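To start, the structure itself, in structure tokens.
Rule-based calculations on the coordinates, nothing more; no lab input. On a predicted model such as this, the values are computed, not experimentally measured, just so you know. Cβ placement follows ideal geometry from the backbone for every residue including glycine, while neighbour counts extend to all protein chains displayed.
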Amino acid sequence: MPRYSPRPFPPYAFVPGRDPHPRRDPNGYAYGRPELPPPAVTVDNWSTHDDYRYGIDLYNHGYWWACHEALEALWHVAGHTTAIGQLLQGVIQVAAGNLKRSMNVDEGAQRLWSEALGRLAPLPSPLLGVDVRAFERDARDYAEKRRDAPAVITLGGDR
């Protein structure tokens, strides 16, 4: 799977109840590190925006919680009701659903996926390099167990 950022992955993919919480536990990998707001990701800078690209890497490689954290900061900067904000929140919710499935919390996973798919449906495609229709289709297929692996995000396109 391609990498979009040179940043290293966290030392573990956090799962609640299994691992030290990355921010709250003194043994967590991000304990005590400040959370600085990132610059906004836009249709003009997504291809070089390292925070965004790293968030996509985290998603694609199964770091669901870390992906949520990385993209949530961008979501707040983008604005919750903008198309970019909706895309970011949709990816966050798919990642959270994937985490819930890995924890065998199927009802929570289904709720998150349903919300994400509703959020992604009206968006233009591509957006921020994401083929939103392909991601939406693959996420739905995983949610409905017609696919064994979670959807992946391949960055490309011109928007």
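Side notes on the structure shown:
- Residue that is farthest from Y142 (Cα to Cα), among those in the range 15-67 that are touching a Gly at 6+ places or on another chain (Cβ under 8 Å) and of a type in the set (A, V, I, L, M, F, W, C): W46
- So D138, is it of a type outside the set (V, I, T) and surrounded by fewer than 19 Cβ atoms within 10 Å (Cβ to Cβ): no
- When restricted to residues that are within 21 Å of R53 (Cβ to Cβ), touching an Asp or Glu at 6+ places or on another chain (Cβ under 7 Å) and not in a helix (DSSP H, G or I), the range 108-125 contains 1.
- Residue among R53, R3 that alone is under 22 Å from L127 (Cα atoms), among the basic types (K, R), in contact with a His (Cβ under 9 Å, 6 or more places away or on another chain) and surrounded by 11 or more Cβ atoms within 10 Å (Cβ to Cβ): R3
- Residue in the range 37-47 that is crowded, with 16+ Cβ neighbours inside 10 Å and in contact with a Pro (Cβ under 7 Å, 6 or more places away or on another chain) present: no
- Counting only residues that are under 14 Å from the mean Cα position of the chain (by Cα) and either among the polar types (S, T, N, Q) or part of a helix (DSSP H, G or I) (or both), the range 139-159 holds 2 of them.
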